[in-house]
Amino acid sequence: MQDMEQENDKVSIRKAKWKLCLGVLLALLGFAVLLAGALLDVQSTWGSMGLLAGFFACDIAGLILIIKASPGLALSDINRIDQKYGECELTQLHGMKKYEAEQTLRSHKFKYDDSGYYRRKKFSFLKDSVSYYVKMLDSSNMEKTIRNECNYLDKQFQNGKSTCLILMIYSNEPMDKNSQLLRNAGMIQIADNMVLDMYSSKTMVVVGVDPVTGIGQYLDMGKGHNLYLYKYGCKMLKKLFG
C-alpha cells in the first residue's frame, strides 16, 4: 500500500514538473509573439489585435498550467524534506533540568508570565523582531501534548507577529521511544515554514527532555535556511543550552 502511494506521488510530481515546464514555455512564447510584432512593426489593426490575442492566450494558458503544477511541486518539496530529515540524528543539548533551564532563561532576559511562558522579544534585521516563548511541561503522553500545544499555538498567537514557541517536554518515557515523534514534529514545522506557508509568522520547536539527566533532543534545521522562523528557534536553543 505504501509502495503504491509512493509511486502515485512520483507520477504526480513528474506531471507537475511537465506542467511547469510547459507553462513557462507558453509564457515565453507569448512574450516572443509580442516582441515579434514590435520588431516587424505591424501596422494593421487586425494584425495588432491578433498579436495581442496570441500574447494573452499563451500567457493565460501558461499561468493556468503553472498554478495546476503547484500542488505537485509542493509534494516534491515535502518529499525532499522527508528524505533530508527523515533519518537525521536529533541534536542533543545539556543543562535542561527544570531548575537549570529556569536559571538559564532568566539570565538571558526571559521573563515569566502568568500564562506559563517565559517570554523575550528580540530584534532581528530580517524579521523586524521575533517574540520567543518557552514553555516547560511534564507529560506522560508526548504525542498528545504536542498536538494540544500545536492547536494552542494556532489559536493563541496573532498572525503577522513573528512568534517562535520553544516547547520543552519532560517525559519519563525512554528517549528512543519518542525520537521519531520528535523528528516528525520538527519535519512538520520545517515543511510548514519552507513549503506550505512560507509567510507563516508562527512556528514551534519541540524538545524532548529527560528529567533525570537534563539532556534534551530536538530536530535541528541544519546550515543555511536563515530566513525561516524554525531556524530562529534552533539558534535560540543553541544560544541558551548549546
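Tabulated values for the structure
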item	result
Peptides ranked, highest mean first, by Cβ atoms within 10 Å: ranges 186-194, 144-152	186-194, 144-152
Long pairs among 122/144; 144/177; 155/239, criterion Cα-Cα beyond 25 Å	122/144; 155/239
Peptides ranked, highest mean first, by Cβ atoms within 10 Å: ranges 100-109, 226-235, 162-171	162-171, 226-235, 100-109
Simple label model, 7 Å out from Cα along Cβ direction - residue 180 to residue 111, nm	4.4
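All of the numbers you see were taken from the coordinates with simple rules; none came from a lab. In this text the structure is predicted, and so the values were computed from the model without any measurement. Note that each Cβ is placed from the backbone with ideal geometry, even for glycine, and that neighbours are counted across all protein chains shown.
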